[in-house]
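The block underneath contains the structure these notes are about, expressed in structure tokens.
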Amino acid sequence: MAAPILALKDVTLTLKGNAGAVEILHGVSLDVQRGETLGLVGPSGSGKSSLLMLMGGLERATSGTVMAMGQDLTAMNEDQLARFRRQHMGVVFQSFHLIPTMTALENVATPLELAGAPDAFERAEEELRAVGLATRMDHYPGQMSGGEQQRVALARAAAPRPDTLLADEPTGNLDGANGAAIMDLLFGLRDRHGATLVLVTHAPELAARCDRIVGLLDGRVDRARKAAE
């Protein structure tokens, strides 16, 4: 079997809070295979989003190792992590994280420009068309609905052609119709670019579309199963 695209070994995460140290993850080990779609599920506070952030190098493990595409994220400094994410990962958040003073086109093109892509705006336009925003490219986030903003966020994540897409509750702030549309777009982007997809969700219908579901409880892997089971 080929080496996993993501491999976590005995990972712990402890964060400092006002009342002292809080243990978020406890000895988590998990492999994700290239091209797989993996759903992370569990109750609020179970550590799902924290685990996703570790996979993307957006949080640093307290102990254990996080390997991505054969590279040890736990050994990288912040500049190295940022460069690695820019080259290999797309991240979609529940709250969009768009730059309010930039148009949709600029929001998608800017990361490509920072990565040195000579065709940044052409690729940004292509991705915005792919998510149904051909007529909204010159609009600012404040002029767009929540569903449209999440489409921009998806286009921004997909435009660099990442090896891995990480999505944290991508339908959490949307109504049913917009949530269903974003689900279709998310899996469509995955199919179009062949990226590995890892998503955190409370939506059973979204998790059911994944190849595999991993449940977390109190910062530990509670169960792992194929979505069809």
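The values are calculated or read from the model by the stated rules, or taken from the named source; none is laboratory data. Nothing here was measured: the structure is a model prediction, and the numbers come from that model. Reconstructed Cβ throughout: ideal geometry from the backbone, glycine too, with neighbour counts over all protein chains shown. Heads up: the accessible areas ignore ligands, DNA and RNA and are worked out on the full protein's heavy atoms, side chains in. Shrake-Rupley method; radii C 1.70, N 1.55, O 1.52, S 1.80 Å.
Within the range 144-167, is even one residue part of a helix (DSSP H, G or I), open to solvent by 20 Å² or more (accessible area, probe 1.4 Å) and touching a Gly at 6+ places or on another chain (Cβ under 8 Å)? Yes: one or more hits.
VAL108 falls short on exactly one of the conditions (1) under 23 Å from LEU186 (Cβ atoms); (2) surrounded by fewer than 20 Cβ atoms within 10 Å (Cβ to Cβ), and that condition is (2). The residue pairs whose first member lies in the range 28-48 and is farther than 23 Å from MET69 by Cβ and at pLDDT below 95, whose second member is open to solvent by 20 Å² or more (accessible area, probe 1.4 Å) and of a type in the set (Phe, Trp, Tyr), and whose beta carbons are closer than 6 Å, counting only pairs six or more residues apart or on different chains, do not exist in this structure. Taking residues in the range 141-163 that are within 15 Å of PHE187 (Cβ to Cβ) and basic (Lys, Arg), and partners anywhere that are open to solvent by 40 Å² or more (accessible area, probe 1.4 Å) and modelled with pLDDT of 90 or more, the pairs with Cβ atoms closer than 7 Å and at least 6 places apart or on different chains are ARG151/GLY132.
Just the residues that are open to solvent by 60 Å² or more (accessible area, probe 1.4 Å) and in a loop (DSSP other than H, G, I, E, B), please, taken from the range 1-29. Scanning the range 1-29 gives MET1, ALA2, ALA3, ASN18, ALA19. For the range 38-71, a residue qualifies if it is assigned to a strand (DSSP E or B) and open to solvent by less than 40 Å² (accessible area, probe 1.4 Å), and the qualifying residues are LEU38, GLY39, LEU40, VAL41, GLY64, VAL66, ALA68. The residues of the range 187-209 that are surrounded by 22 or more Cβ atoms within 10 Å (Cβ to Cβ) and modelled with pLDDT of 85 or more, listed by number, are ALA195, THR196, LEU197, VAL198, LEU199, VAL200, THR201, LEU206.
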